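S.K.: Got a structure here, written out as structure tokens. Questions coming.
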Amino acid sequence: MRILWKILLPAAGVISSSLSAVDADATAFGASLHNHRGAPASFLFLPKSTSQTYRSAFKRQRHQVITLKNNPSWNIPRGGQQSLHSLRSYSSALFDGSILSAATSSPFLQYNIVIFLVNLLGMMISLIFPGMQYHLDLLGTGAFAVASSFILLINGLNSSLLRVQISSLAVIIWSTKLAAFLFYRALKVKEDARLESTLSTKSGVVFFWLISFFWGAVSSLPHSLGVASSLEGDNIGLYSGTIIYTVGLLMESIADYQKWSWKESNPSKFCSGGLWGISQHPNFAGNILIWTGIAIMNVPSLSWQLVPVACLSPLILWNFFLGQAQGSITSGVELATKKYGDDPGYS
């Protein structure tokens, strides 16, 4: 498991390092970096309870607890060169697992680790039972609810914030609703022709679940970054975000219900009634609104450096759904044209 931490911790640091120099103050991130602007970006995701103190590699000899504020590894002499003792102290603290162990308490990392593990479970099932599709959306979409529930239960002080509670509940409701519907659909339909070629090989299975994990991690950025913040945000963002989320949830749910009902009574015709008569992909539009609303809920609680990262969620979802709608990601358009090409309602 520690190997997994070593892979994911630098990855989180890369996202933050791509931004301009981050001044991680104690209020915004709950980490006592004490104006050390040169601190590794991975520390920005450490929670208040664990970022205050770290045991040095010399704890067996000295039995002393060092803090980031007083850690000599952060004190650079005027000459601009760190002392050999400082480098050894920091390196030892890094490789003996003290910093790595503390990082596992970060809500941001914990959330994404749970998303990863659920998708890993899905990949193992797909490899053991080739061709089976019942679990794809149940685990891929259900991972959001599992991760959000886990963080809400263990996040301590942050979980008492109304913003965190509403954001978590929003993700849990959407994930549970969609996963249940897609699982029910899979039981009825048996298989999705769009995924047959992808899931026919081991490399395709691995690729599918890596994309599923990427989708989960990126879509959740407004929420996973938000639950790691100890700031309350503001009521305007919370209420307006909740309204937009609710509109998106209703749009997605109604669109899914209308299409399912249409297919039950008109299995050979293209769905063109209800919301589908207005938009060819109202469920996609609803999903984008859902994550836009969650982003608006949490953005006021983030530092300005993390706001662009959180906004990646609706932007990437927009491009992802656009690719699906145009047929550049899946074969959905090709299959639909072949099946409904002569249908007047299909255009």
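S.K.: What list of ³J(HN,Hα) values in whole Hz, one per residue of the stretch 309-319 in order, does the Karplus curve 6.51 cos²θ - 1.76 cosθ + 1.60 (θ = phi - 60°) give from phi, with Gly and Pro shown as x?
M.R.: Result, rounded to whole Hz: 5, 5, 6, 4, 4, x, 5, 6, 4, 4, 5.
S.K.: By how many nm would the segment from Gln324 to Lys263 grow when fully extended, if each residue of separation counts as 0.36 nm and the alpha-carbon distance is taken off? Write out the running numbers ahead of the final one.
M.R.: Working: separation 61, 0.36 × 61 = 21.96 nm, distance 2.03 nm.
Full-extension gain reported as 19.9 nm.
S.K.: For the residue pair Asn235 and Leu195, what label-to-label distance in nm results when each label sits 7 Å from Cα along the Cα-to-beta-carbon direction?
M.R.: A separation of 4.4 nm, rounded to one decimal place.
S.K.: Hey, if we sort Cys311, Cys271 by accessible area with the 1.4 Å probe, largest down, what's the order?
M.R.: Details: Cys311 50, Cys271 5 Å².
Reading off the accessible areas and sorting them downward yields Cys311, Cys271.
S.K.: HN-Hα J couplings of the stretch 277-288 from phi, Karplus 6.51/-1.76/1.60, θ = phi - 60°, integer Hz, Gly and Pro as x?
M.R.: With coefficients 6.51, -1.76 and 1.60, one gets x, 9, 10, 6, 9, x, 5, 5, 4, x, 5, 5 Hz.
S.K.: Ordered by residue, what ³J(HN,Hα) values in Hz, to whole numbers, does the stretch 236-251 give under the Karplus form 6.51 cos²θ - 1.76 cosθ + 1.60, where θ = phi - 60° and Gly and Pro are x?
M.R.: 4, x, 5, 6, 5, x, 5, 5, 5, 4, 5, 4, x, 5, 5, 4
S.K.: For a label point 7 angstrom out from the Cα of Lys202 toward its Cβ, which stretches of the stretch 115-155 have the backbone nitrogen within less than 20 Å?
M.R.: The answer is 119-133.
The values are calculated or read from the model by the stated rules, or taken from the named source; none is laboratory data. Quick caveat, the model's predicted, so the values are computed rather than measured. Cβ sites come from the backbone with ideal geometry, for glycine too, and all protein chains shown count toward neighbours. In case anyone asks, the SASA skips ligands and DNA or RNA and just uses the protein heavy atoms, side chains included. Shrake-Rupley method; radii C 1.70, N 1.55, O 1.52, S 1.80 Å.
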